[in-house]
Amino acid sequence: MSLYKRNSTWWSSIWIDGVRHCQSTGTSNRRRAGAIERQHQDELNDARHRMPHANPDMTFGALTARFIANGMSKPHSLDRLKHLLPFFAELPLMQITKAAVRKYRQVRQKEKTLKPATVNRDLSVLRRVLYWAVEEGLLAANPLGRLRMERERRTKRPVMSIREEQLLLAKSPDHLQRIILCALDTGMRRGEILGQRWEDIDLDNRILHVSHSKTPEGEARDIPLTNRLYASLVSHRKATGVVFTYDNNPIKIVKTTWATSLRRSGIRHFRFHDLRHTANTRMMLAGVLQEIRREIIGHTSQRSRDVNDRYTQIELPEKRAAIQKLESWLAAQMEMLHAEEAVASARVPHSETTTKEGTNDDGQQSESAA
């Protein structure tokens, strides 16, 4: 680098890969000219290594297009972006501030009354996209890096009872029945179930190998099969391909079929994800230890982990014992349900018979009752 004066103005001369780059700094101040020259050199080096330049004037819509084009978006992100883009799409990145986020919360609440957790999920995706912009050199810093989310109240997660399970299965189509059984007896996530392949199921040893998980920690885990899940899989056994299909086609989404089956069964509302929570709760009630439950269902919450868990290895025999406990608990619950139904059915015919024989069509006492 070198600075030289031409008339009263300082000029910069920089050599990059044998090429000389000269330009006027536009100032007669030596110190300011030096700063301008250093900035010019940084720009030349960035261009040499094809590094992107920060562009705070870029709109959030343009940034999102790059984000998606680079394969960074997941289904969850795309779903949240449907709400974010109408508000932020035309906004330059430099104008995405905490004040803009407060206004977004107000707009979302006007459209529909939402829980804080819902808007927090939106903003977490917004912040993730901005972090990606920083990684790509499109932003110097994330303006929402220290954004505080609203406090979320813990909500009670519903646990499906055996009676509700039977009612739901009775009103569900065959392909959904198999998916529900898999979710209840393994605690697998919906995406894991729909992506499961026959090549990853060892029916001879009754083991399901999870190979497509939402989290890296959830992959490559082995889950012993319950008797009813084993029977369901054997009846539809194939050599290769996706396990759960409809008309021999992979199932991408079960939202509509799930909602229809729930409505027909007449039970309370459940999310499909509640089946995972139900599986975990049932194993807990069956006496399965937390570490084993977590290993089976692939739970990765760091808040619930103990430091010593890193050194705890759950072997397959322990998992098989856990599944046996679950099956024993399910059998006991089914016996109780059948006993209750038997008592209820014994009472109803008796009252109906008394009413039927005690009065005739005119409401008068019949001869047999007399």
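The values are calculated or read from the model by the stated rules, or taken from the named source; none is laboratory data. Fair warning: this is a prediction, and the values are worked out from it, not measured in the lab. All Cβ positions, glycine included, derive from the backbone under ideal geometry; neighbour counts span all protein chains shown. Heavy atoms of the whole protein, side chains included, go into the accessibility calculation; ligands, DNA and RNA do not. Shrake-Rupley method; radii C 1.70, N 1.55, O 1.52, S 1.80 Å.
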When residues of segment 276-306 are limited to those that are touching a Lys or Arg at 6+ places or on another chain (Cβ under 9 Å), more than 19 Å from Ser213 (Cα to Cα) and at pLDDT below 90, the one least open to solvent (accessible area, probe 1.4 Å): Ser304
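Could you check segment 213-226 and list, in sequence order, the residues that are open to solvent by less than 90 Å² (accessible area, probe 1.4 Å) and of a type outside the set (A, V, I, L, M, F, W, C)? Reasoning before the result, please.
So the first thing to find is which residues in segment 213-226 are open to solvent by less than 90 Å² (accessible area, probe 1.4 Å), and the list is 213, 215, 218-226.
Of everything in segment 213-226, those that are open to solvent by less than 90 Å² (accessible area, probe 1.4 Å) and of a type outside the set (A, V, I, L, M, F, W, C) turn out to be Ser213, Thr215, Gly218, Glu219, Arg221, Asp222, Pro224, Thr226.
For segment 218-229, which positions are not charged (D, E, K, R) and not in a helix (DSSP H, G or I)?
Restricting attention to segment 218-229, the residues satisfying the condition of being not charged (D, E, K, R) are 218, 220, 223-227, 229.
Within segment 218-229, Ala220, Ile223, Pro224, Leu225, Thr226 meet the criteria.
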Which numbered condition trips up Glu152, out of (1) within 20 Å of Phe87 (Cα to Cα); (2) assigned to a loop (DSSP other than H, G, I, E, B); (3) acidic (Asp, Glu)? (1)
When you scan segment 312-321, how many residues do you find that are part of a helix (DSSP H, G or I) and either open to solvent by 50 Å² or more (accessible area, probe 1.4 Å) or free of Cβ contacts under 8 Å to residues at least 60 places away in the same chain (or both)? 5
Given (1) part of a loop (DSSP other than H, G, I, E, B); (2) surrounded by 16 or more Cβ atoms within 10 Å (Cβ to Cβ), Gly145 misses just (2)
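Taking only segment 230-265 into account, find how many residues are of a type in the set (A, V, I, L, M, F, W, C), in a strand (DSSP E or B) and loosely packed, with under 11 Cβ neighbours inside 10 Å.
0
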When residues of segment 307-347 are limited to those that are at pLDDT below 90, acidic (Asp, Glu) and within 24 Å of Pro224 (Cβ to Cβ), the one nearest to the chain's Cα centre (by Cα): Asp309
Yes or no: Arg206 among the basic types (Lys, Arg), in contact (Cβ under 8 Å) with a residue 40 or more places away in the chain and either open to solvent by less than 10 Å² (accessible area, probe 1.4 Å) or in contact with a Phe, Trp or Tyr (Cβ under 7 Å, 6 or more places away or on another chain) (or both)? no
Residues of segment 201-222 satisfying the condition of being modelled with pLDDT of 80 or more and on the phi > 0 side of the Ramachandran plot: Arg206
Would you mind stating whether Thr118 is surrounded by fewer than 18 Cβ atoms within 10 Å (Cβ to Cβ), free of Cβ contacts under 8 Å to residues at least 12 places away in the same chain and assigned to a loop (DSSP other than H, G, I, E, B)? no
Log entry, pairs with first residue in segment 122-143 being touching a residue at least 24 places away in the same chain (Cβ under 8 Å), second being part of a helix (DSSP H, G or I) and open to solvent by 50 Å² or more (accessible area, probe 1.4 Å), beta carbons closer than 6 Å, six or more apart or on different chains, reads Asp122/His83
Mind telling me which of the residues Ser265, Ser235, Ser261 ends up being hydroxyl-bearing (Ser, Thr, Tyr) and either under 22 Å from Leu203 (Cα atoms) or within 19 Å of the chain's Cα centre (by Cα) (or both)? Ser235
Any helices (runs of 4 or more DSSP H) falling wholly within segment 155-215 and containing at least 1 residues that are more than 24 Å from the chain's Cα centre (by Cα): 162-170, 174-186
Looking at (1) open to solvent by 50 Å² or more (accessible area, probe 1.4 Å); (2) modelled with pLDDT under 85, which is the only condition Gly358 fails? (1)
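Can Thr256 be described as of a type in the set (Ser, Thr, Tyr) and without any contact (Cβ under 8 Å) to a residue 12 or more places away in the chain? Give the steps one after another, and end with the answer.
Numbers: of a type in the set (Ser, Thr, Tyr): yes; without any contact (Cβ under 8 Å) to a residue 12 or more places away in the chain: yes.
When the stated conditions are applied, Thr256 passes them.
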